[in-house]
1. Does G271 qualify as being surrounded by fewer than 14 Cβ atoms within 10 Å (Cβ to Cβ), under 23 Å from G172 (Cβ atoms) and not hydroxyl-bearing (S, T, Y)?
2. Restrict the check to the stretch 139-161 and report whether at least one residue is over 30 Å from L45 (Cβ atoms) and in contact (Cβ under 8 Å) with a residue 60 or more places away in the chain.
3. Between R129, R94, which is more than 24 Å from K280 (Cβ to Cβ), of a type in the set (K, R), loosely packed, with under 15 Cβ neighbours inside 10 Å and in the same structural domain as L161 (by TED's automatic domain parsing)?
4. Considering N156, N176, which residue is farther than 15 Å from R52 by Cβ, touching a Gly at 6+ places or on another chain (Cβ under 8 Å) and within 16 Å of the ligand (Cβ to nearest atom)?
5. Pairs under 8 Å by beta carbon, first residue assigned by TED's automatic domain parsing to the domain that holds N176 in the stretch 265-287, partner surrounded by fewer than 13 Cβ atoms within 10 Å (Cβ to Cβ), six or more apart or different chains?
6. So, S84, is that one in contact with an Asp or Glu (Cβ under 7 Å, 6 or more places away or on another chain) and closer than 21 Å to M275 by Cβ or not?
7. What's the total number of residues in the stretch 99-153 that are outside any helix (DSSP H, G or I) and either of a type in the set (D, E, K, R) or away from the ligand (no atom under 13 Å from the Cβ) (or both)?
8. Residue check: is S84 more than 15 Å from the ligand (Cβ to nearest atom), outside any helix (DSSP H, G or I) and of a type outside the set (D, E, K, R)?
Amino acid sequence: MQATDLKSRTMTEQLKSLWQERYRTQLPEALLESPVSQSAVFDALLAHRSVRGYLPDALPEGTIEAAIAAAQSAATSSNLQCWSVVAVEDPKRRQRFAELCGNQAHIATAPVFLVWLADLSRLQRLATRAGHPHEALDYTETLLIAAIDTALAAQNAVTALEATGLGTVYIGGLRNHPEKIAEELALPQGCFGLFGLCVGYPDKTRAASVKPRLPQQAVLHRERYDLGSEADAIVLYDGLDADFQNEQGLPPRRWSETMVSRIATRDGLHGRDTMLASLKALGFPVK
Ligand SMILES: Cc1cc2nc3c(=O)[nH]c(=O)nc-3n(C[C@H](O)[C@H](O)[C@H](O)COP(=O)(O)O)c2cc1C
């Protein structure tokens, strides 16, 4: 067998295995036709799993800067670039963030905690220095822009970090106490902590597994939104998720029931139902 044949067979096997882990079904043959499925980036994306067990080892010099270069390479609405990030490495401060974010121990163990900020303050300062108004910053649309851009940037950083074997986990718990987070980071008005990101070397004794996702029939529509196969897809996914929970030694559950109870009342927001007031207090009028 030629070396190139062997390489392509190995790539196909790898792809089949990644697909199997993500969807727990066989790889559709059509996927093999697409060059999109034949890259190391694609493999790294499909292999994603959140890591909550870290070694205390420091990251190599330059890792944060490289991750931020990946983040800044993401598209940004109208090139507004309205996000910032604070890298927190001080162990005592990470411990404080762990507590503020709902006692999440991994924030204290991972060597780096990146706090991703929707940041309209820079544009505000720019306008003020130029003696111009900045009315557009007061509107919901601009807040959405900042949140979208921040998420796209952070995910680019995650992809770059994971591609080198580092682990990450997003921390939405950062929004449990927005004002306290702003105080802890000395944020100016117009700057809001959207989410955190733990970064570090995964502790292999607490290996994380790939979590299955909804079948594509539930999320991919063609030409028009089509509810045709949604119910079946969810029944299927309830089964896959139950298997995953079982394999991980987690409590049995039905994904659909868990989601329904999570959204039933504002209790599911874990105290974050006051977000609008926090945004206003931190300099986002949200008109
Ligand atoms: C914006 C955002 C916030 C999240 N917040 C937390 C968090 O506070 N704590 C945590 O352990 N995981 C958090 N996660 C991770 C999700 O629980 C995880 O991505 C999801 O269960 C799917 O698992 P996977 O990432 O391993 O595929 C968050 C994920 C996102 C995208």
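The values are calculated or read from the model by the stated rules, or taken from the named source; none is laboratory data. Worth saying up front: this structure is predicted, and the values here are computed from it rather than measured. A quick note on method: Cβ atoms are made from the backbone with ideal geometry, for glycine too, and the neighbour counts reach across all protein chains shown.
1. Taking the combined requirement at face value, the residue satisfies it.
2. Scanning the stretch 139-161, I find at least one residue that is over 30 Å from L45 (Cβ atoms) and in contact (Cβ under 8 Å) with a residue 60 or more places away in the chain, so the answer is yes.
3. None of the others qualify; the one that does is R129.
4. Going through N156, N176 in turn, just one is farther than 15 Å from R52 by Cβ, touching a Gly at 6+ places or on another chain (Cβ under 8 Å) and within 16 Å of the ligand (Cβ to nearest atom): N176.
5. none
6. Taking the combined requirement at face value, the residue satisfies it.
7. Number satisfying all stated conditions: 11.
8. Spelling it out, S84 is indeed more than 15 Å from the ligand (Cβ to nearest atom), outside any helix (DSSP H, G or I) and of a type outside the set (D, E, K, R).
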